[in-house]
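Only one structure is covered here, and it is reproduced in the block below.
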Amino acid sequence: MKNKLTIYILIAMVLGIITGYIVHENAAPETITGFSKNIKLLGTIFIRLVKTIIAPLVFSTLVVGIAKLGDLKTVGRVGGKAMLWFVTASLVSLLVGMVLVNYFQPGSYIDLSQADNAGLKDLMGKTSEFSLQKFIEHVVPSSIFEAMATNEILQIVVFSILFGVAAANLGPYSKPVINALDVVAHIILKIVGYVMNFAPFGVFGTLAAVVADKGLSIFSFYFIYFGYFVLGIAVLWVLLCTVGYLILGKRMKGLLKAIANPLLVAFSTTSSEAVFPKLTEELERFGCKKSIVSFILPLGYSFNLDGSMMYMTFASLAIAQAYGIHMPIGEQITMLLVLMLTSKGIAGVPRASLIIVLATCAMFKIPPEGVALILPIDHFCDMFRTGTNVLGNALATTVVSKWEGELQEEGAVELQS
């Protein structure tokens, strides 16, 4: 069934692009607008179905994971190894974007007449979300129920860590609650199987809407910009997979095979949230210890967005190039560090990468309206950066499991309760 689903998703991608292209070429503008709006609902339904189960899944699996890790010392050790990976991977991703954009100068090829000013207005209203005050509010929950209702992943993670550590310290007394949450996690993972059957429809609707609205001619204006970005993603993949191979050995190939389905869904829907439950399941099946998956993966969704990080420096500097603004290397490194800090805790925020790029451009005296230049191609860039985010988090979880000596043979975890 897993292989069949992958085939169905690939077919849906092709059909979505063909359908969107036919509508774009033959329909009137008002018909195209109506078609895009309505067909996109298929993607919206799929992503909303997945979002429904993310909050309870993160809470239940993270609490169970921490409780099963045992004491605070173990939690600190595992968390420390994870953060070491996250920070290193983020810096490397930012540097890859910075080096490539300086070498290839993709911004100089951007056509200034193709700006999407309507889309820019929507983003402009969201930049205030990334002030220091808003960042703190993003991290520290005022109500766990509000955090779950709004899918604030980082807030749920903070509360779950506190709950899990407290449960672990209570010992046997808290075991009934932990067992109950373990059952909840298994029930939700069962729901995942039902929801994933709708994935091909979501993929079809999402791609048909974008291509109908923009058409394939978009690539004629942005071919060089997009090509260099994809090259950057390829370099990042090579680096991540090489490090993964050095640590995991021959099992790296097995990991890529295991996460192929979640990667494809994330790529085609541009939503890493959409594959969080399925990715959890696949990593456990691959042999990662359940408690480590439950602890590391939610953290990674907030702190380890490798594809998005690479895109932030790439896009920010490309916009500067489009306007002929020269930025000294020292200023670029400062920008890199600013992006490193402001990007944390953005999981679940629509088009978060662009919002941060917009805020960063304003901070470094780059015309913020330059973001409108890259908006037309952004959906296709988002496909690649989302897939890379999923790869980075799967790799981080597996590597930490390996470092902890808890990476079992594939399939062994299925035999455990």
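The values are calculated or read from the model by the stated rules, or taken from the named source; none is laboratory data. None of these values were measured; they are calculated from a predicted model. Cβ atoms come from the backbone with ideal geometry, glycine included; neighbour counts cover every protein chain shown. Side chains included, ligands, DNA and RNA excluded: accessible areas come from the protein's heavy atoms. Shrake-Rupley method; radii C 1.70, N 1.55, O 1.52, S 1.80 Å.
With contacts defined as alpha carbon pairs under 8 Å and 6 or more residues apart, what's the relative contact order of the stretch 240-310 in percent? Show your work: numbers first, answer last.
Values: 29 pairs, mean separation 14.5, N = 71.
Computed value for the stretch 240-310: 20 percent relative contact order.
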Practice task
State in Å² the accessible area per residue of the chain; use a 1.4 Å probe, count heavy atoms of protein chains only, and round to the nearest integer.
Solution key: 43
Practice task
Would you mind checking the tilt of helix 276-286 against the longest principal axis of the Cα atoms of the chain, expressed as 0 to 90 degrees and rounded to 10?
Solution key: 50
Fill in the blank from the handout: When the chain is treated as a Gaussian network with springs between alpha carbons less than 10 Å apart, the largest mean-square fluctuation among Gly97, Gly249, Gly370 is found at Gly249
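Rank by packing, highest mean first: peptides 326-336, 379-389, 257-267, 226-236, with packing defined as the count of other Cβ atoms within 10 Å averaged across residues. Mind dumping the intermediate values first?
On the way: 326-336: 13.8, 379-389: 23.1, 257-267: 21.5, 226-236: 19.3.
Ranking the peptides 326-336, 379-389, 257-267, 226-236 by packing returns 379-389, 257-267, 226-236, 326-336.
What are the semi-axes of the equivalent ellipsoid of the chain, taken as the square roots of 5 times the eigenvalues of the Cα gyration tensor, listed largest first and rounded to whole Å? Before the final figure, lay out each step's value.
Values: eigenvalues 244, 125, 82 Å².
They are 35, 25, 20 Å, listed largest first.
Using per-residue counts of other Cβ atoms within 10 Å, averaged over each peptide, order 287-294, 238-245 from highest down. Walk me through the intermediate numbers first.
On the way: 287-294: 25.5, 238-245: 16.1.
For the peptides 287-294, 238-245, the packing ranking is 287-294, 238-245.
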Practice task
Report, to the nearest 10°, how far helix 29-69 tilts away from the longest principal axis of the Cα atoms in the chain, using its own Cα long axis and a range of 0 to 90°.
Solution key: 30
Practice task
Distance between Cα centroids, the stretch 1-32 to the stretch 288-335: provide it in whole Å.
Solution key: 30
Completion exercise
Carbon and sulfur atoms account, in whole percent of the 1.4 Å probe accessible area of the chain, for 67
Exercise for the section: Could you tell me, in Å, what Rg and Dmax come out for the Cα atoms of the stretch 195-323? Expected result: 17.1, 50
Exercise for the section: Quickly estimate the mean residue ellipticity at 222 nm for the chain, helices only: each DSSP H run with n ≥ 4 gives -39500 (n - 2.57), and the total goes over all residues, rounded to 500. Expected result: -26500 deg cm²/dmol
Problem - Leading residue at positive end of dipole, the chain (Cβ point charges), from Tyr109, Cys241, Ile329 - result: Cys241
Problem - Semi-axis lengths, Å, the stretch 1-56, gyration tensor of Cα atoms, sqrt of 5 times eigenvalues - result: 27, 18, 5
Exercise for the section: Only Lys, Arg, Asp and Glu count, each charged at its Cβ (+1, +1, -1, -1), so figure out the dipole size of the stretch 222-378 about its Cα centre, rounded to 20 debye. Expected result: 600
Handout entry: Burial order of peptide ranges 139-150, 15-26 (average beta-carbon count within 10 Å, highest first)
Key = 15-26, 139-150
Problem - Cα-based helix-to-principal-axis angle, 199-214 vs the chain, degrees rounded to 10 - result: 20
Problem - Only Lys, Arg (+1) and Asp, Glu (-1) charged, at Cβ; the chain dipole about Cα centre in debye - result: 820
